[in-house]
Amino acid sequence: MEMNFLTIMAYLIVIITLITMIFGIIAYSVYKMREAKRAKIKNTANTASEPALSAPQEQYLFFEQKELVV
């Protein structure tokens, strides 16, 4: 079996592409597991130590609601 440079490069590109896809799937699954763990910890912390926010405060988490004077 004769192997030339283009055949080796083609196999190398295919192998690197497959490895990249596998690592991408693994990284995404680890990210999702960590986000689920973080959400679970945040929910238990909210219910245990902090009172629940009322609806108007949840709506404007980072900003205050102010009326415009025209």
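FYI, it's all coordinate maths here, none of it is from the lab. Here the structure is a predicted model, which means the values were calculated and not measured. We place every Cβ from the backbone using ideal geometry, glycine too, and count neighbours over all the protein chains shown.
Here are some notes:
- Count Lys and Arg as plus one, Asp and Glu as minus one, and take only other residues whose Cβ is under 13 Å from that of residue 29; the net charge is then +2.
- Spin-label pair residue 66-residue 38: with each label point 7 Å from Cα along the Cα-Cβ axis, the two points sit 3.1 nm from one another.
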